[in-house]
1. Can you tell me how many residues within region 280-329 are of a type in the set (Val, Ile, Thr), in contact (Cβ under 8 Å) with a residue 40 or more places away in the chain and within 18 Å of residue 187 (Cα to Cα)?
2. Please find, among 116, 79, the residue that is touching a residue at least 24 places away in the same chain (Cβ under 8 Å), surrounded by fewer than 23 Cβ atoms within 10 Å (Cβ to Cβ) and either under 24 Å from the mean Cα position of the chain (by Cα) or not assigned by TED's automatic domain parsing to the domain that holds residue 149 (or both).
3. Tell me the helices (runs of 4 or more DSSP H) entirely within region 174-268 that contain at least 3 residues that are surrounded by 14 or more Cβ atoms within 10 Å (Cβ to Cβ).
4. Give region 16-31 a look and list any residue that's more than 9 Å from ligand 1 (Cβ to nearest atom) and surrounded by 23 or more Cβ atoms within 10 Å (Cβ to Cβ), or say none.
5. So the check is Cβ under 6 Å with 6+ separation or different chains; which pairs have a first residue in region 86-99 that's touching a residue at least 24 places away in the same chain (Cβ under 8 Å) and under 12 Å from residue 118 (Cβ atoms) and a second one that's in a helix (DSSP H, G or I) and within 14 Å of ligand 2 (Cβ to nearest atom)?
6. Within region 316-328, does at least one residue satisfy the condition of being at pLDDT 95 or above and part of a loop (DSSP other than H, G, I, E, B)?
7. Identify, please: which residue in region 21-44 is within 19 Å of residue 93 (Cα to Cα) and more than 21 Å from the chain's Cα centre (by Cα) and is, among those, farthest from ligand 3 (Cβ to nearest atom)?
Amino acid sequence: SSTVYHEQDADAAALDDETVAVLGYGSQGHAHALNLYDSGVDVVVGLREGSASWEAAEDEGLDVRTVPEAAKAGDIVSILVPDRAHIPVYNQVEDHLEAGDTLQFAHGFSIHYSQIEPPADVNVTMVAPKSPGHLVRRNYNRDQGTPGLLAVYQNVTGDAETKALTYAQKIGCARAGVIKTTFQEEVESDLFGEQAVLCGGVTELIKLGFETLVENGYSPEIAYFECLNELKLIVDLIYEGGLENMWHSVSDTAEFGGLEEGRHIVDDQVRENMQEALERVQTGEFARKWISENQCGRPSYHQLRRADSEHQIESVGEDLRGLYDWNDQ
Ligand code: NDP
Ligand code: MG
Ligand code: MG
């Protein structure tokens, strides 16, 4: 099982002589920059000129510079732009990395799949909060923490992990727990999870359930509620207290039917499909496909998104949600 670090494991002074350059001020960037700053760490924010977020960062009292200027000032350069911008941003950072500096990430894709090949004389680390940035910031402000992952890819100074753990502490992650992992494990499990379960698996399950009911003459509105809307209630129960908590809360008919029939729906064929998807992640086949999509204007991506958005469940859902939109207010 994994090593989990807590507040007392971190050396609170490990960043005292370091300047952290936070590149990007979006979801993760604003949270890391503000939490580090409020924790007393020297922070500069790096953005492109004319960036929409430049003023927002300055309004918070942060020192904002261009990407190369920030990278020059930083001993730890935290790449917090979207993954598709890692290469162009890294190209502006490379010349400003000195021996013993640290390249810091919140997701390992560009390193693990060799999109970025850092020089051999810098540390390469990852601190990846397991939640969107606005929660990382909100939890910090409430003296709460956000669980995070920590990984070291290159350790040239001998204390790369110490610094990364302190970084995790200063953004609030150690208050909850910092799980030690590797770039490989973080990337492969993240891609697999979103493909097989969270994004890919769930949406296909929803659509198949909806289609099966509608094709058999049931009303689309009923099918929407049964196969999509109620999913939130089920997920909330699982999130709060695990599978057991959900089984405990639904009717015993739902419990028996779910246990008995679920394994016939998601059967050994699905297990094999998952295994194959994992292998495409592990061999880099998926990464190569996604990188080449991006190089030629994302044709399959746009086509798949369009097909999904034109699915009947989307228009039915939009109409139905309009009937009770006070739920969101
Ligand atoms: P965002 O899309 O929120 O980042 C937007 C910021 O990046 C903006 O400040 C934007 O500036 C800047 N930016 C975009 N392109 C460039 C560029 N070419 N040059 C300079 N600045 C640029 O990213 P996220 O916070 O979602 O993701 C950052 C990293 O964190 C990624 O590696 C992601 O995988 C990881 N991560 C994200 C999580 C999340 O929940 N969002 C969770 C855990 C990890 P401008 O205003 O100029 O466009
Ligand atoms: Mg430097
Ligand atoms: Mg992901």
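The values are calculated or read from the model by the stated rules, or taken from the named source; none is laboratory data. Predicted model only: the values in this text are computed from it and were never measured. Neighbour counts run over all protein chains shown; Cβ positions are idealised from the backbone, glycine included.
1. Residues of region 280-329 that are of a type in the set (Val, Ile, Thr), as a first pass: 281, 283, 291, 313, 316.
Okay, now just the ones that are also in contact (Cβ under 8 Å) with a residue 40 or more places away in the chain, so 281, 291, 313, 316.
Within this subset, residues satisfying the condition of being within 18 Å of residue 187 (Cα to Cα) are 281, 291.
The number of residues fulfilling the criteria is 2.
2. Details: 79 fails: surrounded by fewer than 23 Cβ atoms within 10 Å (Cβ to Cβ).
Selected residue: 116, the only one of 116, 79 that is touching a residue at least 24 places away in the same chain (Cβ under 8 Å), surrounded by fewer than 23 Cβ atoms within 10 Å (Cβ to Cβ) and either under 24 Å from the mean Cα position of the chain (by Cα) or not assigned by TED's automatic domain parsing to the domain that holds residue 149 (or both).
3. Details: elements: 183-192, 200-215, 220-224, 231-249, 252-265.
Result: 183-192, 200-215, 220-224, 231-249.
4. Initial filter on region 16-31 (more than 9 Å from ligand 1 (Cβ to nearest atom)): 16-22.
Within region 16-31, 20, 21, 22 meet the criteria.
5. Note: pairs meeting the criteria are 93/71.
6. no
7. The extreme case among them is 42.
Conditions tested, residue by residue: (1) surrounded by fewer than 15 Cβ atoms within 10 Å (Cβ to Cβ); (2) more than 15 Å from residue 78 (Cα to Cα); (3) β-branched (Val, Ile, Thr).
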position	(1), (2), (3)
131	no, yes, no
136	no, yes, yes
142	yes, yes, no
146	no, yes, yes
